[in-house]
Amino acid sequence: MNAGSYFGYLNQAHYVDGVAAGLSTTSNKIGFVAAKPIPSVLSNVNSVLLGARKTNPKAVVAGGFHRRMVDAGARAEATNALIDSGCDVITCHVTARR
């Protein structure tokens, strides 16, 4: 039987994001924008942190949770708040409607 997964393991990709973020940051502050702090999202945040710390042991990750799943304005506000707090690299976990 052949089987596959349409929804892959995002935490693995976010680990790679974290490696790149750790190499890119000059402030050691990385932002993560998402709607809600649910377990799958927190796994992604942790993956970014672990990847960042692999290349930059001083890196920290700040979460910007905007609480609305498909609101581009709320995502922008969360992103700007992270930038205002000193984050110079931002990654995200967002949901989009078509």
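Across the range 48-66, the qualifying residues are those that are in a helix (DSSP H, G or I) and of a type in the set (K, R), and the one among them that is surrounded by the most Cβ atoms within 10 Å (Cβ to Cβ) is R53. Exactly one residue out of K58, K54, K36, K29 is at pLDDT 95 or above and in contact with a strand residue (DSSP E or B) (Cβ under 7 Å, 6 or more places away or on another chain), and it is K29.
Restricting attention to the range 70-95, which residues are outside any helix (DSSP H, G or I) and closer than 21 Å to A13 by Cα?
Of the residues in the range 70-95, the ones outside any helix (DSSP H, G or I) are 70-71, 85-95.
Of everything in the range 70-95, those that are outside any helix (DSSP H, G or I) and closer than 21 Å to A13 by Cα turn out to be C87, D88, V89, I90, T91, C92, H93, V94, T95.
Restricting attention to the range 80-89, does a residue exist that is open to solvent by 40 Å² or more (accessible area, probe 1.4 Å), on the phi < 0 side of the Ramachandran plot and in contact (Cβ under 8 Å) with a residue 60 or more places away in the chain? Before the answer, list the steps.
Taking the range 80-89 as the starting set, the residues that turn out to be open to solvent by 40 Å² or more (accessible area, probe 1.4 Å) are 80-81, 83-85, 88.
Retained after the next criterion (residues that are on the phi < 0 side of the Ramachandran plot): 80-81, 83-85, 88.
From what's left, in contact (Cβ under 8 Å) with a residue 60 or more places away in the chain: 88.
Within the range 80-89, one or more residues are open to solvent by 40 Å² or more (accessible area, probe 1.4 Å), on the phi < 0 side of the Ramachandran plot and in contact (Cβ under 8 Å) with a residue 60 or more places away in the chain.
The values are calculated or read from the model by the stated rules, or taken from the named source; none is laboratory data. On a predicted model such as this, the values are computed, not experimentally measured, just so you know. Every residue, glycine as well, gets a Cβ built from its backbone with ideal geometry; the counts of neighbours run over all protein chains shown. Protein only, heavy atoms only, side chains kept; ligands, DNA and RNA dropped before computing areas. Shrake-Rupley method; radii C 1.70, N 1.55, O 1.52, S 1.80 Å.
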